[in-house]
Amino acid sequence: MNSSPSVRSPSSPSRDQDLLDQSALSELAQRLVEAATRAGADQADAVAVRGVSHGVEVRDGRMQESERSEGDDVGLRVLVGRRQAVVSTNDITGDGVSKLAERAVAMARVAPDDKYVGLADPALLARDFPQLDVLDPQTPSTAELERRAREAEQAALAVEGVTKSGGASASSGIGGMVLVTSTGFHGAFLRSSHGISMTAIAGDGTGMERDYEYTTAPHAADLMSPETVGRVAGERTAARVGPRKVETCKVPVIFDPRVAGSLVGHLVGAVNGAAIARKTSFLKDRLGDKLFRDGIRIVDDPLRKRGLRSQAFDAEGVAVKELAIVDDGVLTTWLLDCATARELGLTTTGHAHRGVSSSPSPGPYNLHLEGGTMSPAELMGDIKQGFYVTDLIGSGVNGVTGDYSRGAAGFWIENGECTYAVSEVTIAGHLIEMYKTLTPANDLTFRYGVNAPTLRIEGLTIAGR
């Protein structure tokens, strides 16, 4: 067993309170900004990031690994005129604050001019910080995490056809950020995470198959039970045994919710302001165009209660809000931070994300594609021959052209029913054409960072034997 030592037990109440107290980080960020101003910066912001993770892995009933890590990192961004520099550290002692600020200002003075850099307009900064209920104050012990993992593994091994365990894991963590700017913004948040996963193996020799299930949530109470995680992993794996190949053809394809969110992810990557500014997106000229059928909505909601990526302000302090990226089938917006917004002549949408060693860049929060009216069974009820995708392999999607080609596994559909397992095929098309024919089922659930119901796409090419 490999183990990373911790200063105190993860179940120590005093240690838990230490982790939830960001006052020292807030004070440090404030001192960094003040030091940067004294050193000659025209503007500055400081971000402090807290990361705590604790996880165990179990295989064949035995603990394989137990790891715990904790760390606080800080980053300082300074602007001298239109020149910018970012420095970061995880260790500031003595007069380190002043030295870090002086180094950052010296770097900014020799950086190239960038007419788009700058802090957010103070009028856009968040002033209200709604309670999003993303912090679970209860930190599980190593014994509790081990129990969750063991129960998931036991449930998977109890499924008929499962021959061995690929490993079960359970984890918990806390992540948070403090942001202080020279324009007067001061905000902080913490959110927790819990997870359970299981990988099962079925068959033997060259006929072995594997599949998995996992659950993750800010609050442990919102997780699927370990038994459910294990059972679903086992059932999925057993169903994949004895896959067949199919002839190359063009048929309707059904995307299981586990993989359907990837289609939303491809769209959101293409509407990222950085890609639009660089003109490296297949959607760069499509703002305001109808890309989907009537009624289709794709929403980014940073304020969803207990959401995996919920927060009340972005990495520049800008207030965030729910945003329909696609509304009634129409592409309505790009995802923007302040710099990309200035470059495109627009206003930030509050989608800045940032690490301690980088400047802000756009990204999404809690994404989902709204459900439709038909059940999954109704969605594929009229398919004479088709493909139900449960697993996608590789990353063969070209964000510049929109060409789509990915390895896939799943089940062949005949007369509206899944029949036999299929593997080693490729599904191919073009995202613009795929979006035109996309039809959602009514089974949307919020389980991941990107959520979508069962989806149907017409006329994709299945490259088989």
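The values are calculated or read from the model by the stated rules, or taken from the named source; none is laboratory data. Please read these numbers as outputs of a predicted model, since none were measured by experiment. Cβ atoms come from the backbone with ideal geometry, glycine included; neighbour counts cover every protein chain shown. Accessible surface areas use protein heavy atoms only, side chains included; no ligands, DNA or RNA. Shrake-Rupley method; radii C 1.70, N 1.55, O 1.52, S 1.80 Å.
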For Lys284, go through the lysines and keep the ones whose alpha-carbon is under 24 Å away, minus same-chain ones fewer than eight residues off.
Lys115, Lys321, Lys436
What number comes out for the charge environment of Asp113, summing +1 per Lys or Arg and -1 per Asp or Glu over other residues with Cβ under 10 Å away?
+2
List the GluC sites (Glu not before Pro) in region 133-210 that DSSP assigns to loop (not H, G, I, E or B) and whose Cβ has at most 11 other Cβ atoms within 10 Å. Which are they?
Glu160
Tell me, what is a quarter of the convex hull surface for the C-alpha atoms of region 353-465, in nm² with one decimal?
8.9 nm²
Would you give the gap between the C-alpha center of region 243-260 and the C-alpha center of region 379-419, rounded to a whole Å?
3 Å
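Express the carbon and sulfur contribution to the solvent-accessible surface of the chain as a percent, rounded to the nearest whole number, probe 1.4 angstrom.
Values: 9560 of 19930 Å².
Carbon and sulfur atoms account for 48 percent of the accessible area of the chain.
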Ordering of 337-343, 38-44, 408-414, 124-130 by burial proxy (mean other Cβ atoms within 10 Å per residue, highest first)
337-343, 408-414, 38-44, 124-130
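Based on the alpha-carbon gyration tensor of region 123-254 and its eigenvalue square roots a ≥ b ≥ c, which shape applies: rounded if a/c is under 1.5, prolate if not and a/b is larger than b/c, or oblate?
Details: a/c = 3.74, a/b = 1.83, b/c = 2.04.
Oblate is the answer for region 123-254, as a/c is 1.5 or above yet b/c matches or exceeds a/b.
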For a bin width of 10 Å, list the pair-distance distribution of region 238-278 built from all Cα-Cα distances, rounded to whole %.
20, 29, 30, 15, 6
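Taking the alpha carbon gyration tensor of region 249-404, what are the square roots of 5 times its eigenvalues, largest first, to the nearest whole Å?
On the way: eigenvalues 178, 64, 46 Å².
Semi-axes (√(5λ), whole Å): 30, 18, 15.
Give the accessible surface of region 303-413 per residue, rounded to a whole number of Å², with probe radius 1.4 Å and ligands, DNA and RNA excluded.
Working: 4140 Å² over 111 residues.
With all protein chains present, region 303-413 gives 37 Å² per residue.
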Can you pull the percent of Cα pairs in the chain with separation above 28 Å?
59 percent
What does the net charge come to around Val326 if you take all other residues with beta carbon closer than 12 Å to its beta carbon, with K and R at +1 and D and E at -1?
-2
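What does the highest-first list of 311-321, 383-393 look like by mean Cβ count within 10 Å? Display every interim value, and only then the final one.
Values: 311-321: 22.5, 383-393: 19.5.
Result, highest mean first: 311-321, 383-393.
State the three equivalent ellipsoid semi-axes of region 77-184, derived from the C-alpha gyration tensor as the square roots of 5 times its eigenvalues, in descending order and whole Å.
Numbers: eigenvalues 451, 73, 55 Å².
Gyration-tensor ellipsoid for region 77-184: 47, 19, 17 Å.
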Whole-Å semi-axes of region 15-79's equivalent ellipsoid, largest first, each the root of 5 times a Cα gyration tensor eigenvalue?
38, 13, 6
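Nearest-5 percent of antiparallel DSSP beta bridges in region 243-358?
On the way: 7 of 8 bridges.
Expressed as a percentage, antiparallel bridges in region 243-358 total about 90.
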